[in-house]
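None of the figures in this text is laboratory data; all of them are computed from the coordinates on show. Because the structure is predicted, anything quoted here is derived from the model rather than measured. Please note: Cβ atoms are built from the backbone with ideal geometry, for glycine as well, and neighbour counts cover all protein chains shown.
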Amino acid sequence: MKYFFLSVVLVVPSVCATWGDRARYDNFTEYFPNLIQETVYELERREWSNLRIDDIPVNISERIYDQNFEGTVNFNNGFLVSIQNIDLIDATQTFFTASTSRITTGSMTGNLRFSDVVVGFDVIAHLEDQGTQRFTATFLYHTINYNIRVAKNLHTDEITVTIDQNNLSGTGNFLIFMPDNDIADVLTRYYTMWSVDTSVTRWGTAIIRPIIEELIPKLGFPNVCFNC
């Protein structure tokens, strides 16, 4: 099993509203990267098995290469094949007091970046003239980014975790089929880099976020300090 060790890019200054520049999370530069690192370790312990992709059914109707292609193609059993690198970038902390409620929230944020991510599928095409065709296929994403925010209400001590998938980059890449033939060339155009957007977003909200929520009680939470 490959173990990923995060490289971390920190944005050191915190942003404070109404609390001036005094408030900080004690030991933020170690705590937040460690929280995300432990999250990645947990994904590895699960062997990334939860990072599945929904089936993608597509109807086909066109004429190419002097042939008619009519029928359906299903991209099934989608799964994560590999990740080459994982980084935590733009990690920072902010403190903000709402002008109406006067409630102060301290937040830790950062972008969890997966680089060179390969996803794979079993592909079954049912075509009127060409019959049933079976393939395996892979697609390379340059990056998949998740914006992670861990926020604490400093009046109630309630901690909330939010995560949004904010970048899915595969520009210039195409689905690679095995075997590669004329039918595969036609099917390639029915998959785009956005085809897995819903599934990849769910990786963050349904898998990564609960892991972070489980880890926070185990790791504790840093105290707020002033002028530190």
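Taking the 0 to 90 degree range and rounding to the nearest ten, how far is the long axis of helix 209-219 tilted relative to the main principal axis of the chain, both from C-alpha atoms?
30 degrees
Please work out the C-alpha center-to-center distance from segment 21-46 to segment 48-90 and express it in whole Å.
Comparing the Cα centres of segment 21-46 and segment 48-90, I get a distance of 33 Å.
Tell me the angle of helix 28-45 to the major Cα principal axis of the chain, expressed in degrees between 0 and 90 and rounded to the nearest ten.
So the helix axis and the longest Cα principal axis differ by about 30 degrees.
Kindly list the residues of segment 124-147 that lie in the label zone of Asp182, defined by a backbone N under 12 Å from the point 7 Å along the Cα-to-C-beta vector.
Once the point is set 7 Å along Cα→Cβ of Asp182, 130 turn out to lie under 12 Å by backbone N, inside segment 124-147.
Before anything else, pin down the relative contact order of segment 68-135: Cα pairs under 8 Å, at least 6 apart, normalised by residue count, whole percent. Present the calculation step by step, with values, prior to reporting the outcome.
Details: 122 pairs, mean separation 30.4, N = 68.
Relative CO of segment 68-135 lands at 45 percent.
As a test of the formula, what do you get for the chain when each DSSP H run with n ≥ 4 contributes -39,500 (n - 2.57) and the sum is divided by the residue count, at 222 nm and rounded to the nearest 500 deg cm²/dmol?
Here the helix-only value at 222 nm equals -5500 deg cm²/dmol.
Take every Cα pair under 8 Å in segment 7-222 that's 6+ residues apart, average their separations, divide by the length, and report that relative contact order as a whole percent.
20 percent
Local charge sum around Leu219 (other residues, Cβ-Cβ under 15 Å, Lys/Arg +1, Asp/Glu -1)? Before the final figure, lay out each step's value.
On the way: positive: Lys152, Lys218; negative: Asp26, Glu30, Glu38, Glu42, Glu213, Glu214.
Every neighbour counted, the sum reads -4.
Ile103 to Ile216: extension gain in nm, 0.36 nm per residue of separation minus the Cα-Cα distance?
Here the segment from Ile103 to Ile216 would lengthen by 38.5 nm.
Of the listed peptides 91-103, 186-198, what is their order by residue-averaged count of other C-beta atoms within 10 Å, with the highest listed first? Could you put the intermediate results ahead of the total?
On the way: 91-103: 14.6, 186-198: 16.8.
The packing order, highest mean first, is 186-198, 91-103.
Kindly work out what percent of the DSSP beta bridges joining two residues of the chain are antiparallel, to the nearest 5.
95 percent
Over segment 119-228, what is the mean sequence separation of C-alpha contacts under 8 Å (at least six apart), divided by residue count, expressed as relative contact order in percent?
Averaging sequence separation for qualifying contacts and normalising by length gives 22 percent for segment 119-228.
Scan segment 150-228 for GluC sites (Glu not before Pro) in coil per DSSP, keeping those whose Cβ has at most 10 other Cβ atoms within 10 Å, and list them by number.
Glu158
Please identify every one of the trypsin sites (Lys or Arg not before Pro) in segment 21-99 that sits in a loop by DSSP and has no more than 14 other beta carbons within 10 Å of its own beta carbon.
In loop regions of segment 21-99 (DSSP not H, G, I, E or B), the sparsely surrounded trypsin sites (Lys or Arg not before Pro) are Arg22, Arg46.
Could you order the peptides 66-76, 32-42 from most to least packed, using the average number of other C-beta atoms within 10 Å per residue?
Details: 66-76: 16.1, 32-42: 19.0.
The peptides rank, most packed first, as 32-42, 66-76.
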